[in-house]
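Notes to accompany the following structure.
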Amino acid sequence: MNNAELYHRNNTIQKRDVLQCLEEYGKRIKWKNGRITVIDIGCGDGTVTTSILKENIPNSIERLVGCDISKNMVQFANEQYANDHISFMVLDIEGDLPNELRGNFDYAFSFFALNWIQNQEVAFTNIYDLLSEGGECFFVIVSHQPMFDVYRILSRSTKWKLWIKDVERFISPYHDCQDPEKKVEQMMMAIGFTSVEVECLQKTYVYPNLDAFKGTVTSINPFEIPKDLEEDYLLDFYNVFRDIHAVDHASSDVDGPIKVTFNYSCDKSEKMIKYANEHYANDHTSFMVLDIEGDLPNELRGNFDHAFSFFVLHWIQHQEMAFTNIYDLLKIEGECFLVFVAHTLLFEGYRILSRSTRWKFWLIDVERFISPYHDCQDPEKKVKQMMKSIGFTSVEVECLQKAFIFPDLDALKGFVTSINPFQIPKDLEEDYLLDLFNVLRDLRIIDCASSNVDGPIKATLNHSLIVAKGRK
Ligand SMILES: C[S@@+](CC[C@H](N)C(=O)[O-])C[C@H]1O[C@@H](n2cnc3c(N)ncnc32)[C@H](O)[C@@H]1O
């Protein structure tokens, strides 16, 4: 995303969204009397800074500074838009802040830039430090975007993994976050901001044609794709984008309008915790929402003699993170005991349906819901090595082969529905279960006494389980 000319030609969405946000939320900014100083962080080519931001500032401006980490962007912006009051400079908002900038601005803005930054605390602290007493800031940050899922999916493909490296660095730190509003709000308050207001908006953009879509993808693409593979990359990108149902086509004709929807995933865990608290909490037992793959609250660290987890850890792709958090939850000498799925053909069933024309729109991002050990030759060794490298001692890991026989089809359906991770519309649920049932039968997971699905069936679900134990 270093090519200023390319970005300049393809930033229609950014211009539209910044304008809408300033029109709708800009009224909440308290403008000081008199001439003001303004900084725009991650200004890119400078178009938004000069043609959208500046035009929506009611005061007269003493100094408007655009800053960006990219020299190319800054050079382009200076050539196109600099004048006596407007200038552009290179600045990494995630780095050390030059002293001469501290406390220098009445207002700080940033549009579509802070989502590129992994160390959010540093960037937000720098923004706080840029502001003068009583100064205000206003940001637009991408939290969840299906393009980030496409980066992840392509980064795992044999064809693109050489070029799509270090993929998590380019994914918004809020992409997988259940409650980005709360997270940003808490962080800003902890830094010292007051009157904090954070809102999460759902946005849709309709591209006039495939070329416009490709333009956006290329102009913000953070990966070094060789020139001769670019067209191929864009097509694969588009196909995955369509497969994960991020694109809503008027027809299957790719030259038609493309509607892109930015969805938020729904959080079931809060409902689980509410149910558990309502049914089982007492003086000694309580339930809380916690993402074991996320940041561990300090008050939980070193707090437990024992940590157990049953049938959870196979849902987690960042195994090191989860196991490190479990380690950190334990007191010295504390022990953990963990049971999770390594391999089951049910995961193959998900994969097969996710490739079918009928279900691919609903079985989105299927690999996220497949145990990271499903295709692994030696899961015992892998888990053992990881636990030891984290610091666990007395590590014992075993992989057990298990089979469960369901008495009838309803019991199998009940089981599959209760652990189904995909958002299948209510009216398609029965159909989905039947198709999954057929795939499972083809995979010989299910043994039917007769081929008649209404007749008695004997469904044996074979799976391998990891049982792991370790001490801090
Ligand atoms: C999508 S562009 C947005 C540009 C402009 N704000 C707009 O809305 O059109 C994101 C910009 O953030 C810049 N950026 C990324 N990381 C940055 C950092 N650490 N410090 C400053 N700018 C950064 C990129 O170079 C890029 O120009």
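The values are calculated or read from the model by the stated rules, or taken from the named source; none is laboratory data. Only a predicted model underlies this, so the values are computations on that prediction, with no experimental measurement involved. For neighbour counting, all protein chains shown are included, and Cβ atoms are generated from backbone atoms with ideal geometry for every residue, glycine included. Accessible surface areas use protein heavy atoms only, side chains included; no ligands, DNA or RNA. Shrake-Rupley method; radii C 1.70, N 1.55, O 1.52, S 1.80 Å.
Pairs of alpha-carbon atoms within less than 8 angstrom and 6+ residues apart define the contacts here; what relative contact order does the range 296-471 have, in percent?
Once normalised by length, the contact order is 31 percent.
Would you kindly find the accessible area of VAL312, with a 1.4 Å probe and non-protein molecules such as ligands, DNA and RNA excluded, rounding to the nearest 10 Å²?
For VAL312, the solvent-accessible surface is approximately 60 Å².
What shape does the range 14-60 have by the C-alpha gyration tensor, where a ≥ b ≥ c are the square roots of the eigenvalues, rounded means a/c under 1.5, and otherwise prolate means a/b greater than b/c and oblate the rest?
Verdict is oblate for the range 14-60.
Can you tell me, using C-alpha contacts under 8 Å and at least 6 residues apart, the relative contact order of the chain as a whole percent?
It rounds to 11 percent for the chain.
Taking 0.36 nm per residue of sequence separation and subtracting the Cα-Cα distance, how much length would be gained by fully extending the chain between ARG358 and ARG16, in nm to one decimal?
Difference between extended and current length: 119.7 nm.
Counting only heavy atoms of the protein chains, get the accessible area per residue of the range 296-471 (1.4 Å probe) and round it to a whole Å² value.
Here the residues of the range 296-471 average 52 Å² of exposed surface.
So how far, in whole Å, is the C-alpha centre of the range 342-383 from the one of the range 34-65?
49 Å
Starting from the Cα gyration tensor of the range 34-118, multiply each eigenvalue by 5, take the square root, and state the resulting semi-axes largest first in whole Å.
19, 15, 12
Can you pull out the trypsin sites (Lys or Arg not before Pro) in the range 346-401 whose DSSP state is coil and whose Cβ has at most 14 other Cβ atoms within 10 Å?
ARG358
Would you work out the relative contact order for the range 58-172, in percent, from Cα pairs under 8 angstrom that are 6 or more residues apart?
Relative contact order for the range 58-172 comes out at 22 percent.
Express the carbon and sulfur contribution to the solvent-accessible surface of the chain as a percent, rounded to the nearest whole number, probe 1.4 angstrom.
Using a 1.4 Å probe with all protein chains present, the chain comes out at 51 percent carbon and sulfur.
I'd like the chymotrypsin sites (Phe, Trp or Tyr not before Pro) in the range 25-106 restricted to DSSP loop residues with at most 15 other Cβ atoms within 10 Å, sorted by number.
TRP31
Report the dimensions of the chain along its three principal axes from the alpha-carbon atoms, largest first, rounded to Å.
Projected onto the principal axes, the Cα atoms of the chain cover 83, 59, 42 Å.
Relative to the longest principal axis of the chain, what angle (0 to 90°, nearest 10) does the C-alpha long axis of helix 269-280 take?
It is inclined by approximately 50 degrees.
Might you report the magnitude of the Cβ-based charge dipole of the range 1-141 about its Cα centre, with Lys and Arg at +1 and Asp and Glu at -1, to the nearest 20 debye?
Its charge dipole is roughly 420 debye.
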